[in-house]
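First the structure, in the form of structure tokens, and then the observations on it.
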Amino acid sequence: MEEIKGREPYSDHPLWYDVRGLMILRSSYRDNVFRQAYFFVPHMGARHLEIAIGSGSLFYFFMLLRRALRLEEVEILGVDNSSEMIGSARKKLSGFANVSLEIMDATQLDLDAKSFDTVHIVNSIHSIPHPELCLKEAFRVLKPGGRLAVNALLFPQGNFLQRAVAERVNRFGQKKGILRNPFMRHQFIDLCECAGFELEMAEERGNSLYVRGRRPK
Ligand SMILES: C[S@@+](CC[C@H](N)C(=O)[O-])C[C@H]1O[C@@H](n2cnc3c(N)ncnc32)[C@H](O)[C@@H]1O
């Protein structure tokens, strides 16, 4: 597939991207990778799509956990519209024969309808222009009964200091182009429902909203 041009915000060196990502996770999301793993790792169906996989570092950690927990090996496709991110993910995940990676726009997936059992969108829906199109695409490619798991960044909550730090970090992200907009809880839930999902859970942790939804049968 052709490289998609114009991805300046994510063209940084993948190592800096990872370090920056961990700092943002702590200060803006008020979350951590272990909580994320607990939510995402066990929920991968026989054919899984990882939308906006990024540099592959977090996903590599998820895959190691799946191995350690002896979870079944599933067929995985990871997509991202940044060639730098997919290049880095290819290197990191080369030891996993069940993972393939492609450059693809999350709002226009070049994939068949009803072809995946599960879809994840991790730390990304608030970075993708037109998140509503991305959710519609996730719905389209899921089989009836298939499940979506996604976490969305919410507007800063918590005490004065926590809000001040998160607001500052979010402003940096917006200036840099790696954050479009945080969501309000109800706004994100509406987006998921408008895309067609039946919501099974919506839980806040720090400034993150974790949502699991199902494409009705
Ligand atoms: C904050 S990173 C998260 C990456 C990874 N899921 C993680 O948690 O480490 C957001 C990712 O979304 C990707 N992205 C942004 N817009 C996109 C689009 N329209 N289609 C596909 N990927 C996109 C970026 O290239 C970047 O890799």
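The values are calculated or read from the model by the stated rules, or taken from the named source; none is laboratory data. Everything numeric in this text was worked out from a predicted model, so none of it was measured. When we count neighbours, we look across all protein chains shown, and the Cβ atoms used for this are built from the backbone with ideal geometry, even at glycine.
Assorted remarks:
- Any chance M85 is more than 8 Å from the ligand (Cβ to nearest atom), assigned to a helix (DSSP H, G or I), in contact (Cβ under 8 Å) with a residue 12 or more places away in the chain and out of contact with any Leu (no Cβ under 6 Å at 6 or more places or on another chain): no
- Listed by first and then second residue, the pairs linking a residue in segment 19-44 that is more than 29 Å from R214 (Cβ to Cβ) to a residue that is within 13 Å of the ligand (Cβ to nearest atom) and assigned to a helix (DSSP H, G or I), with Cβ atoms under 8 Å apart and 6 or more places separating them unless they lie on different chains, are L22/V33; M23/V169; I24/V169; I24/G173; S27/V169.
- In the set (1) within 14 Å of I51 (Cα to Cα); (2) of a type in the set (D, E, K, R); (3) surrounded by fewer than 16 Cβ atoms within 10 Å (Cβ to Cβ), the condition left unmet by E204 is number (1).
- Restricting S100, S115 to residues that are among the small types (G, A, S), surrounded by fewer than 22 Cβ atoms within 10 Å (Cβ to Cβ) and within 17 Å of the chain's Cα centre (by Cα) narrows the list to S100.
- Scoring E102 on the criteria (1) outside any loop (DSSP other than H, G, I, E, B); (2) within 13 Å of the ligand (Cβ to nearest atom); (3) within 27 Å of F34 (Cβ to Cβ); (4) at pLDDT 95 or above leaves a single failure, condition (3).
- Residue check for N181: within 16 Å of the ligand (Cβ to nearest atom), in contact with a strand residue (DSSP E or B) (Cβ under 9 Å, 6 or more places away or on another chain) and part of a loop (DSSP other than H, G, I, E, B): yes
- For segment 138-146, the count of residues that are more than 18 Å from the chain's Cα centre (by Cα), loosely packed, with under 14 Cβ neighbours inside 10 Å and farther than 18 Å from F116 by Cα is zero.
- Cβ pairs under 9 Å, 6+ apart, first in segment 163-179 and among the acidic types (D, E), second modelled with pLDDT of 95 or more and surrounded by 15 or more Cβ atoms within 10 Å (Cβ to Cβ): E167/S28; E167/F155; E167/P156
- Some residue of segment 111-133 being farther than 22 Å from P216 by Cβ, touching a residue at least 40 places away in the same chain (Cβ under 8 Å) and aliphatic (A, V, I, L, M): yes
- Positions within segment 47-74 being outside any helix (DSSP H, G or I) and either near the ligand (Cβ under 7 Å from one of its atoms) or buried (at least 16 other Cβ atoms within 10 Å of the Cβ) (or both), in sequence order: R47, H48, L49, E50, I51, A52, I53, G54, S55, G56
- Count of segment 1-34 residues, restricted to those that are in contact with a strand residue (DSSP E or B) (Cβ under 6 Å, 6 or more places away or on another chain), modelled with pLDDT of 85 or more and surrounded by fewer than 19 Cβ atoms within 10 Å (Cβ to Cβ), is 0.
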